[in-house]
Amino acid sequence: MKKGIVLVAAAILSACTGGVDDLPLTGTDVASGAIIGGTIDEGDPAVAMLRISPAGEGTSNPCTASLIAPQVLLTAAHCVTPDKIKGGTVKAFFGTNADGEEGTWVNVVETHYDPEYDHANKRAGHDVAVAILEEPVAIQPLPYNRAPMTEDMVGDPVRLIGFGDDHEIWGFAGVKHHVSTIVNTVTPTLLGLGDEDHHTCQGDSGGPALMDVNGVPTIVGVTSFGGSQVPSICTDGWHSRVDISLDFIDQFVNAP
């Protein structure tokens, strides 16, 4: 890895409600949008936006990511699988507004996703990936959870961050939002976070769900998918538990 230092800042968010087995998947594969019920987040410098630009398409798709090592971002597997990148480019934006004048863009040179991820079954979790930056950034990385999560955590506070839509219907993404809400469901693979009025949307995919662990904001989940009976309308959010993907994540964080 290169040793140059780039000064940067960014953030991301997500949430969900309802029974996981009853929910159809929405289009968070394409571009997960801004937090529902949240506000603009000018802090959380370790949360970044990913801009995925497939080769030859002339368009780009946004996702969210979290810095977990100076050169490693944690995001969702469905954002960076080969069929999504299609030989194109991925860039990370650190800041608040990806279309504004302030902030920093850093090239992503590698992406890897959890081999246990199954795109046909997101309810199985493991929708986790890493993006390796071209150079390290001078931002304090976020810790990620190592302890098993239990149903006793239902009702505990959680904060979601993302660069997606800030209303229920897919629209503009690219401004970092956050919202405080609660854990409503814990399954062996997923976290259901938020309520009807506070959750993630298009463009928030890959973003962090943060809970305080010993007083330190810690990533417990990665925004994965939402539920809706109508395409492109956001009703809630489900998040892959990071504690079940530790073997995959650690190998990149601990790489020399």
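The values are calculated or read from the model by the stated rules, or taken from the named source; none is laboratory data. Predicted, not measured: the structure shown is a model, and the values here were computed from it. Cβ placement follows ideal geometry from the backbone for every residue including glycine, while neighbour counts extend to all protein chains displayed.
Is there any pair linking a residue in segment 243-256 that is closer than 10 Å to residue 72 by Cα and at pLDDT 95 or above to one that is surrounded by 12 or more Cβ atoms within 10 Å (Cβ to Cβ) and aromatic (Phe, Trp, Tyr), with Cβ under 8 Å and at least six apart or on different chains, and which?
Cβ pairs passing all conditions: 249/144.
In segment 187-210, what residues are at pLDDT 85 or above and either in contact with a helix residue (DSSP H, G or I) (Cβ under 8 Å, 6 or more places away or on another chain) or of a type in the set (A, V, I, L, M, F, W, C) (or both)?
187, 188, 189, 190, 191, 192, 193, 205, 206, 209, 210
So, residue 127, is that one of a type outside the set (Ser, Thr, Tyr), closer than 25 Å to residue 254 by Cα, surrounded by 23 or more Cβ atoms within 10 Å (Cβ to Cβ) and touching a residue at least 24 places away in the same chain (Cβ under 8 Å) or not?
Considered against the rule, which asks whether it is of a type outside the set (Ser, Thr, Tyr), closer than 25 Å to residue 254 by Cα, surrounded by 23 or more Cβ atoms within 10 Å (Cβ to Cβ) and touching a residue at least 24 places away in the same chain (Cβ under 8 Å), residue 127 comes out as yes.
Take the residues in segment 168-186 that are over 14 Å from residue 40 (Cβ atoms) and in a loop (DSSP other than H, G, I, E, B), then tell me which one is modelled with the highest pLDDT.
Per the criteria, the residue is 171.
Restricting to segment 96-117, count the residues that are surrounded by fewer than 18 Cβ atoms within 10 Å (Cβ to Cβ), farther than 29 Å from residue 256 by Cα and not polar (S, T, N, Q). Can you show your working first?
First pass over segment 96-117, keeping only residues surrounded by fewer than 18 Cβ atoms within 10 Å (Cβ to Cβ): 97, 99-102, 104-105, 107, 109-110, 112, 115-116.
In the following step, the residues that additionally are farther than 29 Å from residue 256 by Cα were identified as 97, 99-102.
Cutting the leftovers down to not polar (S, T, N, Q) gives us 99-102.
Of the residues in that region, 4 qualify.
Read through the list (1) more than 17 Å from the chain's Cα centre (by Cα); (2) in a loop (DSSP other than H, G, I, E, B); (3) in contact (Cβ under 8 Å) with a residue 12 or more places away in the chain; (4) within 23 Å of residue 174 (Cβ to Cβ), then give the number of the only condition that residue 58 fails.
Going through the list (1) more than 17 Å from the chain's Cα centre (by Cα); (2) in a loop (DSSP other than H, G, I, E, B); (3) in contact (Cβ under 8 Å) with a residue 12 or more places away in the chain; (4) within 23 Å of residue 174 (Cβ to Cβ), residue 58 breaks only (3).
Would segment 62-74 turn up any residue that is of a type in the set (Gly, Ala, Ser) and in a loop (DSSP other than H, G, I, E, B)?
No, every residue in segment 62-74 fails to be of a type in the set (Gly, Ala, Ser) and in a loop (DSSP other than H, G, I, E, B).
Kindly provide the set of residues from segment 79-138 that are closer than 26 Å to residue 192 by Cβ and among the basic types (Lys, Arg), ordered by number. Please lay out each step first, then the result.
Step one: of segment 79-138, the residues closer than 26 Å to residue 192 by Cβ are 79-81, 84, 113-131.
If the condition is that a residue be closer than 26 Å to residue 192 by Cβ and among the basic types (Lys, Arg), then 84, 122, 123 are the ones that fit.
Taking only segment 105-129 into account, find how many residues are farther than 18 Å from residue 83 by Cβ and modelled with pLDDT of 95 or more. Let's see the steps before the verdict.
From segment 105-129, those farther than 18 Å from residue 83 by Cβ are 105-107, 109, 123-125; that's our starting set.
Among the residues that remain, those that are also modelled with pLDDT of 95 or more are: 105-107, 109, 124-125.
Going through segment 105-129 one residue at a time, the tally reaches 6.
For residue 84, only one of the following conditions fails: (1) at pLDDT 95 or above; (2) in a helix (DSSP H, G or I). What is its number?
Checking residue 84 against (1) at pLDDT 95 or above; (2) in a helix (DSSP H, G or I), the one that fails is (1).
Which pairs turn up if I take residues in segment 105-124 that are acidic (Asp, Glu) and look for partners that are modelled with pLDDT under 95 and part of a loop (DSSP other than H, G, I, E, B) with beta carbon separation below 9 Å, at least 6 apart in sequence or on another chain?
none
If a residue has to be in contact with a helix residue (DSSP H, G or I) (Cβ under 9 Å, 6 or more places away or on another chain) and surrounded by 10 or more Cβ atoms within 10 Å (Cβ to Cβ) to count, how many in segment 142-158 make the cut? Can you show your working first?
First, pick out the residues of segment 142-158 that are in contact with a helix residue (DSSP H, G or I) (Cβ under 9 Å, 6 or more places away or on another chain): 144-149.
Of the ones still in play, those that are also surrounded by 10 or more Cβ atoms within 10 Å (Cβ to Cβ) are 144-146, 148-149.
Matching residues across segment 142-158 total 5.
Could you identify the single residue in 22, 41 that is over 26 Å from residue 189 (Cα atoms) and modelled with pLDDT under 80? It would help to see each step written out before you state the result.
On the way: 22 fails: over 26 Å from residue 189 (Cα atoms).
After ruling out the rest, the residue left standing is 41.
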